[in-house]
Structure formats: C-alpha cells, structure tokens
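**Student:** Right, I'll just put the structure down here and ask away after.
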Amino acid sequence: MEPVLTIALAGNPNAGKTTLFNHLTGARQHVGNYPGITVEQKEGYCLHQGKEVRVIDLPGTYSLTAYSVEELVARDFLINERPDVVVDVVDSSNLERNLYLSCQFLELGVPLVIALNMIDVAEKRGVTINAEKLSARLGVPVVPIIARSGKGVEEMLDAVLAVAAAGIRPQPAFLSYGADLDQALTDMTPDITACADLTAVYPQRWLGVKLLENDEQIVDKTMETYPEAGKRLIARCGTIGQHLQHTLGVYPEAVIADHRYGYIKSIIHQGVVTRKFVADRLYASDKIDKVVTHRVLGPLIMAGVLYCLYTFTFSYSSVPVEWLTEFFALVSKGVDMLLPDGPFKSLIISGVIDGVGGVFGFVPIIMFMFFGIAVLEDSGYLARVAFMMDRIFHFFGLHGSSVMPFIISGGIAGGCAVPGVMAARTLRSPKERMATLLTVPFMNCGAKLPVLTLLIGAFFSDHQARYMFLATLAAWLIALCVAKILRLTVLKGASTPFVMELPPYRFPTLKGLLIHTWERTWQYMKKAGTVILGISILIWAMMTYPQLPDNRAAHYTGLRQETQRTMAADEAGLAEALGRIKTEEAQEKLRNSFAGRIGVTLEQVSRWAGIDWRTNIALIGGFAAKEVIVSTLGTAYSLGEVDPEETVSLQERLNKDPNWNPVVALAVLAFIMFYSPCFVTVVCIARESGSWKWAAFSMLFNTIFAFVLAVAIYQIGALLYLR
C-alpha cells in the first residue's frame, strides 16, 4: 500500500491557513489537542492525483522562537514529526511581514512550498508579485493561490507532490547576521558539534542562533544534555550580548531580526514586487476601522453586535429547541410504557433521558451561537474586539494580550476556560499572567450557556436576548473588577505595553462557517454523550440510593392501599390522591439518598441565597463540569416530579416549583456564573501557575465571592419583589 503523504500548513495568524485547510479537507477532518497541551490540533485528508494526503493545520505563529505555546507546538511538530512537505501560507498583501517566518523555515531546512495567498487582495492594493522570481531567489516553489475560491490550489498540490517525490531534505539556509554574531557563531561551532544528540535533531547553525536568541527550550535542552558545553555556550552568548549592548545598545535577538528583514527586503527589491500606485490611500479595512474601532462609536457598535448575536440565536433556535424537547418527552413516555417500574426504568428515564436529554435539548442554541461567533471570527471583527478592549484592560491592570484568553474562555459566548487558561502563556509578565489565569474562569463558557439559557428561558422568556447580553456584560465587569483587586493587592506591578496586528476584513465562506460551527457543536455533543452521561448516571445513583427504610416504604404502601379502599368510588379523586402520595414518596426517597442528605445539609447555608437542597445537588455536580448542572437538575426534578403523570420540560418544572421564582433564578444564575471553575480548569490553573495553592485559591475565592453575590441578590430581591 502506498504510504500517505503528510503535509503541514504553517503561517502567520490571519494569513488564510485555516481557509486553505477547510478547502483541502472539507468534511474529512477532525479536531483534537496536541499530546499534553491544550492547543487545538486540526488534521484532515485530501486526494490529489490519486495520492492520499494527510494535512496538519499548525497553530498560527509569527516566529519559530518559542515565546508562546503555539510557536513551541509548531516548531516541535516540524522537528519531531518531520512532515514530508511544509506549506507556508503567506499573506501576499503583507509579504515582508510574512516572509519573516519563511526565512526561519529555510534556516531550519524543511522541505518547503510557499503558497502566496490572497493574491487578489494584493492586486487590489496595487501590488504585483512575481512568483517565479521569488521562487528563484528563495530556492523553493512559490505558488499564487486564493484559498477562499480555491484558485491555484491544484497547482500548489502539484508543487507539494513534486517536492515530496524528490525526497531530498534541503540544506539549511545560511543567513549572515553581521560580523559580530557571525564570528560568535563560528566560535561556538566546536561546542555545538560536541552536542551530538542535539545536532542529530537540529541544524548546527540554527542551534547557535537559538542560543543567541536566548530561546528557553533550546537553552534548557543544551544544559540538561551537555552541561559543560552548555555553560561555555551560554557564557559566549552572554559575552556577545554584553558587547552588543555596549556598542549598539541592542540585544542579539534584535540584531538577528534586523538582518532577517534586511535579507527579505533585498529579495523583494530584486524585481519581485512592483507597485502600480503609491499606497497612500486608505484601504477598505482601514476605512471601516476608522468607525468600528472609534473610541466612542466602537464600544457601542460592539455592544450592538453582541446584542444582535443573542437576538439571532434565541429567535431562530426556539423552534428546533421545542422539537427536541417534544422528542425527548416522547422517548421518555415510550420508555415509561415499555419498561416495568424499578431501578432500571428509573435509570433510563431520570438518569439518561432527563439528564443527558436536557443537555442535548440546547444543541440548537449552541449551534446558532457558534455560527454567529464563526461569522465574527472569520470576518476579522473579533480581532477588533481585542484591540478595543486593550484600553479597558490596561485600566484594570491587565495586559492587552489578556483579551484573547478572555474571549477564548467565552468572553463573547461559548468558549472554554481551559484553552483560555492555556492561552495566558503568551503573557510575559508573571503577575499579569497570574491575574489572567485567575479571572478567565468568570467568563460565560460554553458549559454555562445551557444553564443560563435554561433559567432565563424559564423565568425571563420574553427577554432572553436582553438577559443573555446583560449576563455577558456582568461576566466581563466582574472579571475585570476582580483583576483590578488582585493587581492592587497580591499581584502588584506595572502593566506592560500591547501591540497586535489587525487582519483585513473578509467575507466568510459558507463552507468555512459550517465547518467551524459543526466542529464546536460536535465537541459539545460528544462531551454530553460521554462525560456528562457518566456523571449523570453516577449522580442518579447517589440520588437513588440508599432506598427508604422498610418502615417508611411500608408506610407508603399502606397509605396507597387505604386510599384505594376509601376512594374507590371517586376515580378522578383517587388518581389525584395517588399522585400526591407518589410525589411525596419520591421527595422523601430523594431526601434520604446520599445526594439528598448532602443537599439538605448544605441548605442550612444555601437558603440565605434562596437555593434549595435539590439545586444544591446540581451545583455540587457543577464542580466536575458545569454542563452537569442541567442534567442533574433534570434528574432531581424528574425523581421528585410534581405531577408524575404529566411529562413537561425542565423549564416548566422549575417555573411551577414553589421554591423557585425570578429572584431565586437570578441568585442561582449569579452563583453558577462565578463559583469555582470546573475540575479540568482547576488542574490547568495549577499546572500553568506551577502551584496548587493558586488553584485552591481560585476554587475558594470564586465560590465565596459567588455565594456572597448570590445572597446579596436574593436578600435585596426578596425585599423588592416578594414584598
């Protein structure tokens, strides 16, 4: 069987790499995480000239120096996995900036094909690129493409197959970095050559350049494997660094970057790029940004976009949500008719259908939300949100780069705190990084969305979009205020400056939007069908066992028999009386269970926030995963259903329950939004901070803060609403 060809798509963020990946692989792709790292790994397959091609979409990165986890992941994959060909996706309208990464691929010596993407955008800006001349200067194939339409992609794949067929690993490019650094690299050669294990993996000169750049990973590996040679190499790097500081006032990495850009400019000026007109006019993106990122209009537009997102989501998802609710109700009724009474029937109906079914019932809302977010992300507007939030973040003592962890964690809607915590690695300042780690869990992640939707739909159904919008604003405001408190107390320190590149606006492709929506929705559904199912069954068991003592079971049996004997003539009254007895027995069974006893014990404290013992059971499950709250509420209110003969949705059950009202719903919403992060997030915080103390602090501080807030809302609301 012919081996599968592996290609890696690399490039700067917003260069169109993911658009190309979606065009190549379509539905033949899956999303996971790199081993041991919560960074998304996309992998798919395509067929070209009868040959199957495995396509890996590497994280977007500006450099191969390990300043961030994305850069580290991309570099390690190229070095350790050794793909047959690397396709460097370059933004043609920003050629000089993008070729900086290309230079590093050449220095690393990987089989390379450069895909000049968005060539149409460059031409609209009056820029013409001679791909043949650029290919000749760099010594690698250069193919113009338009990833959105697929133009030139076949030619790019032809070049990829040609490079792979040659089977020759190119020699690493030799770039000069000036007399001082070139001499230093020559002096370091004997010691680098002695590091045989490292030179077997990395090019020799490339190792020296990384040591001069003070690349943390390379420095650590050198010191671990060859401590004696490592000490001499580090000392030589220190000497040349001091020399450059005294003579030029710069660090070696700055000199290296300058010479790389000089190399790029020398290539571009050799007839590679010609301009039809002077680019002094505002491009379309710049014109839009003058309004969209305006100091006053920008935030107002952002709030309007967010409100429209929620309005779109709840307006168009209501019908499929009703369909799913009716479907699970029919399934529950069918199982009720088919199976005899007993533990197995209770497990299927209360543990599985009412538990997991309640979570699946929100899939249409999640899908519409993710579709809206994909539009904002693929169009380039989400980057503008980060840019505008930078000014606010500095006021609260955070770095502008903290914006993206907040957004990834659910700052717009539907993210996850785990990659948000991991994304904080890009922050250089330890105190800013720690403040970000501790506050990103306050965002309304995808796990909280079903809970928020459930309670808002049950008690504020006429204003769902408005309340979801306010919940998002509240999450941002609370998170920033907590960050400010932390930065003024335990994490004192000055804020560092923030610079980011804004991508041009683009019209998202329908194919790309559908793929992004399905990827995220499928992750949610997969979690509901695996993790949440397991936790739902465990919690069902805790809410079912132990059974009632024999004397109490006998009491209800006798009560039913007595009722049937005395009310035999009144069929309607008999059915109603037996229903009340069944409900009373179910309530006592639930109270007597392990989970019920815990919930009742906690109620002595939680009642100050209006939270009853059954809700306590669900909140305990939320420590494991927030999605479990919905399934546990479904199970708890199914086991203790008010009217066992009537199959109703969980929203209706809560609305009819005497322990619930709009004030209680607001208090519970506040508690769920801000109490302890889920278990996986806590583990990530411990790993990223390097201490379980910060993870424990996050759990305790968040939970105490959330409870105090819930108590305040309930007590004030009770005075105003329940008077």
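**Student:** Please indicate, with yes or no, whether at least one residue in the range 348-366 is over 30 Å from Thr293 (Cβ atoms), in contact (Cβ under 8 Å) with a residue 12 or more places away in the chain and in contact with an Asp or Glu (Cβ under 7 Å, 6 or more places away or on another chain).
**Tutor:** Looking through the range 348-366, at least one residue is over 30 Å from Thr293 (Cβ atoms), in contact (Cβ under 8 Å) with a residue 12 or more places away in the chain and in contact with an Asp or Glu (Cβ under 7 Å, 6 or more places away or on another chain).
**Student:** Check every one of the helices (runs of 4 or more DSSP H) wholly within the range 150-231 and list those with 1 or more residues that are in contact (Cβ under 8 Å) with a residue 60 or more places away in the chain. Talk me through it step by step, then tell me what you get.
**Tutor:** Values: elements: 153-166, 179-194, 196-199, 204-212, 216-225.
Helices (runs of 4 or more DSSP H) meeting the threshold: 153-166, 179-194, 204-212, 216-225.
**Student:** Let me spell it out: the conditions are (1) surrounded by fewer than 21 Cβ atoms within 10 Å (Cβ to Cβ); (2) more than 30 Å from Glu322 (Cα to Cα); (3) not hydrophobic (A, V, I, L, M, F, W, C), and Asp657 meets all of them except one. Which number is the exception?
**Tutor:** With (1) surrounded by fewer than 21 Cβ atoms within 10 Å (Cβ to Cβ); (2) more than 30 Å from Glu322 (Cα to Cα); (3) not hydrophobic (A, V, I, L, M, F, W, C) applied to Asp657, the lone miss is (2).
**Student:** In the range 601-622, is there at least one residue being modelled with pLDDT under 85 and among the hydrophobic types (A, V, I, L, M, F, W, C)? Reasoning before the result, please.
**Tutor:** Residues of the range 601-622 that are modelled with pLDDT under 85, as a first pass: 621-622.
The next check asks that each one be among the hydrophobic types (A, V, I, L, M, F, W, C); those that pass are none.
No; the residues of the range 601-622 include none that is modelled with pLDDT under 85 and among the hydrophobic types (A, V, I, L, M, F, W, C).
**Student:** Among Gly361, Gly304, which is under 24 Å from the mean Cα position of the chain (by Cα) and surrounded by 13 or more Cβ atoms within 10 Å (Cβ to Cβ)? Break it down stepwise before answering.
**Tutor:** Details: Gly304 fails: surrounded by 13 or more Cβ atoms within 10 Å (Cβ to Cβ).
Only one candidate qualifies: Gly361.
**Student:** Next up: List every residue pair whose Cβ atoms sit under 8 Å apart, with the two residues 6 or more apart in sequence or on different chains, where the first one lies in the range 132-145 and is at positive phi and the second, anywhere, is at pLDDT 90 or above and in a helix (DSSP H, G or I).
**Tutor:** Correct list of pairs: Gly139/Leu106.
**Student:** Leu248: surrounded by 15 or more Cβ atoms within 10 Å (Cβ to Cβ) and free of Cβ contacts under 8 Å to residues at least 60 places away in the same chain, yes or no?
**Tutor:** Working: surrounded by 15 or more Cβ atoms within 10 Å (Cβ to Cβ): no; free of Cβ contacts under 8 Å to residues at least 60 places away in the same chain: yes.
It is false that Leu248 is surrounded by 15 or more Cβ atoms within 10 Å (Cβ to Cβ) and free of Cβ contacts under 8 Å to residues at least 60 places away in the same chain.
**Student:** Looking only at the range 141-148, decide whether some residue is modelled with pLDDT of 90 or more, part of a helix (DSSP H, G or I) and under 24 Å from Thr274 (Cα atoms).
**Tutor:** no
**Student:** Would you call Ser638 modelled with pLDDT of 85 or more, assigned to a helix (DSSP H, G or I) and hydroxyl-bearing (Ser, Thr, Tyr)?
**Tutor:** Values: modelled with pLDDT of 85 or more: no; assigned to a helix (DSSP H, G or I): yes; hydroxyl-bearing (Ser, Thr, Tyr): yes.
No.
**Student:** Does the range 616-623 contain any residue that is of a type in the set (Phe, Trp, Tyr) and either closer than 25 Å to Phe679 by Cβ or surrounded by fewer than 14 Cβ atoms within 10 Å (Cβ to Cβ) (or both)? Lay out the reasoning, then the answer.
**Tutor:** The first filter runs over the range 616-623 and keeps only residues of a type in the set (Phe, Trp, Tyr), leaving 623.
Adding the requirement that they be either closer than 25 Å to Phe679 by Cβ or surrounded by fewer than 14 Cβ atoms within 10 Å (Cβ to Cβ) (or both) leaves 623.
Yes, the range 616-623 has at least one match.
The values are calculated or read from the model by the stated rules, or taken from the named source; none is laboratory data. All of these numbers come straight from a predicted model, not from anything done at the bench. Don't worry about glycine lacking a Cβ; one is built from the backbone with ideal geometry, like all the others, and counts go over all protein chains shown.
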